[in-house]
Amino acid sequence: MTAPQSSLPLQDSVRPVTAARPGWLYESVARRRSIAAGNASCHELLHDSFAYLASKIIPGFFALVSVPVFVRVLGIEEYGRLSLLLPVLMAPAAAGAGWLQQGILRFHPPARAQDPGAPGFYQAVRGGTAWAVLGLALLLVPVLRILHYPAVFWLIAELYCALQLIYSVRLSGLQARLLPRQVAVSEMLRAGAGFMLPLALILLTGKKSLALMLAGLACGYALPLAIGHDPRRVIAGYGRRRGQGLLLLQAGAKKILAQLWRFGWAVGAWLMLCQALPLIGRSMIERYAGYAQAGVYASLYELAVRAFSFFAFPVTLAAHPRIMRSWNLGDYAGARRTLAQAIWMQALLFIPVEAAGIAFARPLTTLISGDAAASRWLLPLLMLGGFLWQTALLAHKPLEILERTRTMLAGMLAVIVCEFLGNYLLVPRFGMIAAVYVFVLGALVYLALVSACAQLLQDRPGCLPASPAMETSG
């Protein structure tokens, strides 16, 4: 599908040449139009942010409650093992889904009827999902072999990762089509089932088993996928696509899938490293202080990061498709305006959340760790790191727009090196608090790198492309 082409550089407005209107009058009209457009954009962003916030109320509640509940049910050491296992499984799943998710959000066809590129795009997404699930299944074999888990656990882990991948791709499709209500329903179903089903399996069997926990989490992803599809439509769709297949695509869909891969593979690798990032600090703490301390750190990390992302991530969810759609339609000023508004919204949200974190840090830290002498700054500093990483998800949008995803990946690799060296050198000497400071420092390093690269690219003449074109299925 071909998006509207433009040879205009990235600029806020282009002044038409006219002799009938005085310059001062044109400036006044243009200024009023710019302010009106900015206000309309802000209102739309707020509206969608609140809609996505609704999708986070129930998931956020279950996410916050699950930390102390699972700690009590599993025990702090077993929870520490779970906190090390989940990033290992989620990292390849994030890589498998990430390149497709970002490609969908970047190149999704506009919502208009009779779009010639839409059928090929959707076929490419279905085929890409099937190939991603197959590749993920093969990738997990050596990973699970190294972990020395039994065969039953292998099957559960494969199912968990596959369902998470499919669910993530489907959610990105709903987000790209600007359907926040459907995103809300899916997330509420997933969060509720992902909390209650693992808990029910453990309580009914009386076994504190990671396999049961993982099976319950897998069912949490399966429930919204099953409810979100009408069986009659699925069967009818299979009948229409019977000659196409999932792995064997038509020529036009292959071209689109190749374009999605070229854009998204670096983002997929970036997401894999991002999911693996918490594993560095946790593994170092486990190595030098044991599973119990790793479980305490993981509990505080999940509580702090989820507490802020509960309010901030809806802004990112609302802003991302609007930024990409504005750019694809040639509205460069609108894309930059939405990005700036989203960053300001997150900064304003951070102030009261951080104040609450400082106020309740002592009782929450004592509740989770059971140690009244634990530092009261662990939770606020982790919240600061969570805010910085949420801001980073917006700060690197210019690099995504310019398709400089390899630059993003290079920045994340630099953060991985800093995190590893910092934790390796400091955690044995200073303990858990060192991992927290390294986490905040890593976010600052990434923010500085991507902001500097984005500014250099925008200042370089001729490096800004016209609005991108997605090849049609022909």
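The values are calculated or read from the model by the stated rules, or taken from the named source; none is laboratory data. Quick caveat, the model's predicted, so the values are computed rather than measured. Neighbour counts are summed over all protein chains in view; Cβ atoms, including those assigned to glycine, are modelled from backbone coordinates with ideal geometry. Only protein heavy atoms, including side chains, enter the accessible area calculation; ligands, DNA and RNA are left aside. Shrake-Rupley method; radii C 1.70, N 1.55, O 1.52, S 1.80 Å.
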Select from segment 249-304 the residues that are surrounded by fewer than 21 Cβ atoms within 10 Å (Cβ to Cβ) and among the β-branched types (Val, Ile, Thr) and list them in ascending order. none
How about segment 155-179: which of its residues are in contact (Cβ under 8 Å) with a residue 12 or more places away in the chain, open to solvent by 60 Å² or more (accessible area, probe 1.4 Å), in a helix (DSSP H, G or I) and not β-branched (Val, Ile, Thr)? Leu159
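To keep it simple, each residue is scored yes or no on (1) in contact with a Lys or Arg (Cβ under 6 Å, 6 or more places away or on another chain); (2) under 24 Å from Ala342 (Cβ atoms); (3) free of Cβ contacts under 8 Å to residues at least 60 places away in the same chain.
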site: Leu394; (1), (2), (3): no, yes, no
site: Leu399; (1), (2), (3): no, yes, yes
site: Met412; (1), (2), (3): no, yes, no
site: Phe420; (1), (2), (3): no, no, no
site: Asn423; (1), (2), (3): no, no, no
site: Gly431; (1), (2), (3): no, no, no
site: Tyr437; (1), (2), (3): no, no, yes
Residue ID - modelled with the lowest pLDDT, chosen from residues in segment 442-459 that are open to solvent by less than 50 Å² (accessible area, probe 1.4 Å) and not aliphatic (A, V, I, L, M): Cys453
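Let's see how each residue does on (1) assigned to a helix (DSSP H, G or I); (2) in contact with a Lys or Arg (Cβ under 9 Å, 6 or more places away or on another chain); (3) crowded, with 18+ Cβ neighbours inside 10 Å; (4) modelled with pLDDT of 85 or more:
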| position | (1), (2), (3), (4) |
| --- | --- |
| Arg72 | yes, no, no, no |
| Met90 | yes, no, yes, no |
| Leu100 | yes, no, yes, no |
| Arg112 | no, no, no, no |
| Leu136 | yes, no, yes, yes |
When segment 255-290 is examined, which residues are found to be out of contact with any helix residue (DSSP H, G or I) (no Cβ under 6 Å at 6 or more places or on another chain), assigned to a helix (DSSP H, G or I) and more than 22 Å from Glu403 (Cα to Cα)? Leu277, Ser283, Arg287, Ala289
Within segment 119-134, residues crowded, with 20+ Cβ neighbours inside 10 Å and among the aliphatic types (A, V, I, L, M) come out as Ala124, Val125, Ala132, Val133
